[in-house]
Amino acid sequence: MPGYAAPRSPNARHLRSAGVLGSAILAVAGCLLPGGAAAASWGPAAAPLVDVAVTATATADTEQPGHRAALAVDGDGATTWCPTGPGGAITIDLGRPQAIEGFGLTLLGAGPGDVRLETGPKPGNLRPAATASNVAAGVPTWLSARLPTPVRYVRATVTGSAPGSPCLSAVRVLARSARGMVLGDDLSFAVQESAVHNVFRDRGVARLPEEILAAHGANYVRLRLWNDPPGGYSDLPSVLAMAKRAKTAGMRILLDFHYSDFWADPQGQATPRAWQGQDLPALATTVRNFTRDTLNALAAQHTPASMVAIGNEIRNGMLWPAGKVDWSTGAGWDALGTLLRAGAAGAADAAGPTPLIQLHFDQGGDNESSRRFFDNVVAQRVPFDVIGLSYYPFWHGTVSQLRANLDDLATRYGKQVALAETQYAWTLADGDSTGNFMWQESQLLPGYPATPGGQLAFVSDLTSILAAVPGGRGLGLFYWQPEWIPGVGWTPGEGTPNDNLTQFDFDGDALPAVSSADPLRACRLYPAQVACGR
């Protein structure tokens with residue numbers, strides 16, 4: 001995540017030519033780990049409840065210009081279908097019969113409004129499925145409606161309860177994903193949270209944050225590694241300790257190599273002090289050996305990494321100045337390619353199955369820049385398995401732009417795509433004296449309020465978009481620092497600019513988004529914080 005030293009608030013990653021990685025794939029639950037090792041001991045795959053309407057077609061009986069029916073089922077809660085009068089209906093064709101468990105709705109524009117949902121095998125043979133009365137504008141609402149038989153068609157009829165036309169920004173049709181997905185969390189500060197005695201609770205019961213998240217479907221922990229950080233932050237002992245905790249919770253490990261003493265992002269990729277002065281060939285050897293040795297240390301304690309990120313948010317390169325990329329002149333791609341190949345070689349050198357290789361680009365909603373970066377990486381014959389993107393909507397564009405980029409990159413490069421980092425606000429309040437990255441209404445996406453329910457809808461929609469990536473190449477997502485509550489600073493002695501983007505409140509109580517893999521379950525568990533009906 002970029003920009004830690006200056007929070008944006010008022011206050012303040014072809015070796016494969018030799019087949020080294022082979023056809024390694026991510027498999028969860030009874031399939032294979034990279035390299036072919038049995039994975040059954042890691043527990044079942046996470047099959048989230050997703051919005052299957054995002055791949056559907058929709059037609060309306062009435063619609064305003066620029067607000068067509070398709071915009072209610074595009075996975076973006078900020079876009080809208082609007083009828084021309086005080087009410088109207090859209091009919092959604094799911095393409096095939098599916099076992100539906102419920103629905104999600106968001107109204108924008110005039111409100112409140114009433115919504116009636118009907119389902120059936122044909123547009124002319126629909127029966128009532130669920131209703132929602134007096135739905136407030138801008139409030140994501142969930143409806144449990146497990147249907148006895150699979151259905152193909154869904155009709156949503158909206159009627160305004162106030163002057164003007166209520167617009168549907170989302171009609172979510174919820175069904176189990178046909179495949180398992182990565183549902184991960186970056187818990188790199190969890191060791192420091194324990195050191196300051198921060199307590200995490202789920203509905204009053206105190207547990208470790210990874211235990212709470214795993215109980216709600218999380219199956220991966222992402223851990224960053226710094227070389228020589230202050231205060232023992234995210235150093236190797238911290239990573240080894242947290243890896244043991246992750247395994248105990250039944251979760252796999254993504255190791256995020258920063259190759260820097262401290263924070264590395266597009267604004268800064270400082271070469272570790274101990275590595276400075278080396279020329280590019282020597283530095284590449286150092287990267288290779290460091291990667292191998294670190295992974296061997298994890299394997300030696302029986303907590304191997306299943307995936308590694310070779311660098312963190314490396315849009316402008318890594319290990320500056322040797323590996324810096326200049327986008328204006330095109331200089332530096334050869335050097336970056338050398339370092340990335342070295343990191344991948346180190347991962348292949350390590351004991352045990354070779355982990356998946358992720359390359360991490362930060363601009364999740366920028367397709368032009370994403371293409372340019374990965375075109376250059378491919379030209380450098382860098383072996384990788386996963387395209388990782390950061391997506392913070394207050395920096396990286398709309399949900400629709402993110403979806404278009406994910407779909408294009410997966411198709412263009414034939415790789416798995418994942419969100420390596422994402423966050424959204426559950427409040428605009430500040431939990432400490434350090435200003436936050438997201439602090440004002442203008443930074444919010446329409447349809448996703450800064451509430452626990454708005455955060456839940458945001459993460460659920462991203463999961464659904466990933467589940468719909470062409471070719472089944474949507475690997476999953478990692479929520480960034482859901483546990484970073486006040487008490488641990490971005491550097492020792494400071495505060496956190498992310499305390500309102502967590503999945504625990506300022507006091508460590510779990511928020512509904514911990515259960516974003518199943519929003520209907522979130523309704524049952526956190527009814528006071530989520531708008532739900534039947």
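The values are calculated or read from the model by the stated rules, or taken from the named source; none is laboratory data. The structure displayed is predicted, hence computed values, not measured ones. As a convention, Cβ positions derive from the backbone with ideal geometry for all residues, glycine included, and neighbour counts pool all protein chains shown.
Kindly provide the set of residues from region 212-227 that are of a type in the set (A, V, I, L, M, F, W, C) and assigned to a strand (DSSP E or B), ordered by number. Answer for region 212-227, where residues must be of a type in the set (A, V, I, L, M, F, W, C) and assigned to a strand (DSSP E or B): Val221, Leu223, Leu225. Considering region 466-498, and only residues there that are hydroxyl-bearing (Ser, Thr, Tyr) and touching a helix residue (DSSP H, G or I) at 6+ places or on another chain (Cβ under 7 Å), the residue that is surrounded by the fewest Cβ atoms within 10 Å (Cβ to Cβ) turns out to be Thr491.
Report every pair of residues separated by at least 6 positions or lying on different chains whose Cβ atoms are under 7 Å apart, first residue within region 239-256 and on the phi < 0 side of the Ramachandran plot, second outside any strand (DSSP E or B) and among the aromatic types (Phe, Trp, Tyr). Going by the 7 Å Cβ cut-off, the qualifying pairs are Arg252/Trp42.
Is there a residue in region 215-233 that is at pLDDT below 95 and farther than 28 Å from Pro512 by Cβ? Yes: one or more hits. Residues in region 228-250 that are farther than 18 Å from Ala195 by Cβ, out of contact with any helix residue (DSSP H, G or I) (no Cβ under 6 Å at 6 or more places or on another chain) and not in a helix (DSSP H, G or I): Asp228 alone.
Looking at region 76-83, can you tell me whether even one residue there is within 20 Å of the chain's Cα centre (by Cα), at pLDDT 95 or above and within 30 Å of Thr248 (Cβ to Cβ)?
no
When each of Asn316, Asn289 is tested for being within 17 Å of Asn227 (Cα to Cα) and modelled with pLDDT of 95 or more, the lone residue that passes is Asn289. Look at Ala309 and say whether it is in a helix (DSSP H, G or I), aliphatic (A, V, I, L, M) and either surrounded by 19 or more Cβ atoms within 10 Å (Cβ to Cβ) or assigned by TED's automatic domain parsing to the domain that holds Pro383 (or both). No: the conditions fail for Ala309. Considering only residues in region 132-149 that are at pLDDT 95 or above and part of a strand (DSSP E or B), the one that is farthest from Arg176 (Cα to Cα) turns out to be Thr141.
Considering region 215-252 alone, what residues qualify as being among the aliphatic types (A, V, I, L, M) and farther than 28 Å from Asp265 by Cβ?
The one that is among the aliphatic types (A, V, I, L, M) and farther than 28 Å from Asp265 by Cβ: Ala215.
Of the residues contained in region 46-60, one or more are found to be at pLDDT below 95, surrounded by 22 or more Cβ atoms within 10 Å (Cβ to Cβ) and within 28 Å of Gln401 (Cβ to Cβ). In this structure, Leu117 does satisfy being in a strand (DSSP E or B) and surrounded by fewer than 24 Cβ atoms within 10 Å (Cβ to Cβ). When region 52-103 is filtered for residues that are of a type in the set (Val, Ile, Thr) and in a strand (DSSP E or B), the ones remaining, listed by number, are Thr57, Thr59, Ile90, Thr91, Ile92. Taken over region 382-402, the criterion of being closer than 21 Å to Leu501 by Cβ and in contact with a helix residue (DSSP H, G or I) (Cβ under 6 Å, 6 or more places away or on another chain) is satisfied by Tyr391, Phe394. Can you name the residue in region 418-464 that is more than 17 Å from Gln503 (Cα to Cα) and buried (at least 24 other Cβ atoms within 10 Å of the Cβ) and is also nearest to the chain's Cα centre (by Cα) among such residues? Only one residue fits best here, namely Ala418. Does Leu213 satisfy being out of contact with any Gly (no Cβ under 8 Å at 6 or more places or on another chain) and over 20 Å from Pro48 (Cα atoms)? Criteria not met by Leu213. Note on region 415-534: no enclosed strands (runs of 3 or more DSSP E) hold 3 or more residues that are among the charged types (D, E, K, R).
Against the test of being modelled with pLDDT of 95 or more, under 23 Å from the mean Cα position of the chain (by Cα), surrounded by fewer than 20 Cβ atoms within 10 Å (Cβ to Cβ) and of a type in the set (A, V, I, L, M), the options Leu187, Leu208 yield a single qualifying residue, Leu208.
I'm trying to understand the selection: among the residues of region 160-211, which are part of a loop (DSSP other than H, G, I, E, B) and in contact with a helix residue (DSSP H, G or I) (Cβ under 7 Å, 6 or more places away or on another chain)?
Ser177, Arg179, Leu187, Phe200, Arg203, Leu208
Comparison of Ala215, Ala270 shows that the only residue that is small (Gly, Ala, Ser), farther than 16 Å from Ala305 by Cβ and in contact with a Ser or Thr (Cβ under 6 Å, 6 or more places away or on another chain) is Ala270.
Filtering region 312-340 to residues that are assigned to a loop (DSSP other than H, G, I, E, B) and surrounded by 20 or more Cβ atoms within 10 Å (Cβ to Cβ) leaves Asn312, Glu313, Ile314, Arg315, Asn316, Met318, Leu319, Ala322, Gly323, Val325.
Can you name the residue in region 499-534 that is basic (Lys, Arg) and modelled with pLDDT of 95 or more and is also surrounded by the fewest Cβ atoms within 10 Å (Cβ to Cβ) among such residues? Don't jump to the end; show me each part of the working.
Restricting attention to region 499-534, the residues satisfying the condition of being basic (Lys, Arg) are 521, 524, 534.
Filter again for modelled with pLDDT of 95 or more, leaving 521, 524.
On the way: Arg521: 17, Arg524: 12.
The selected residue is Arg524.
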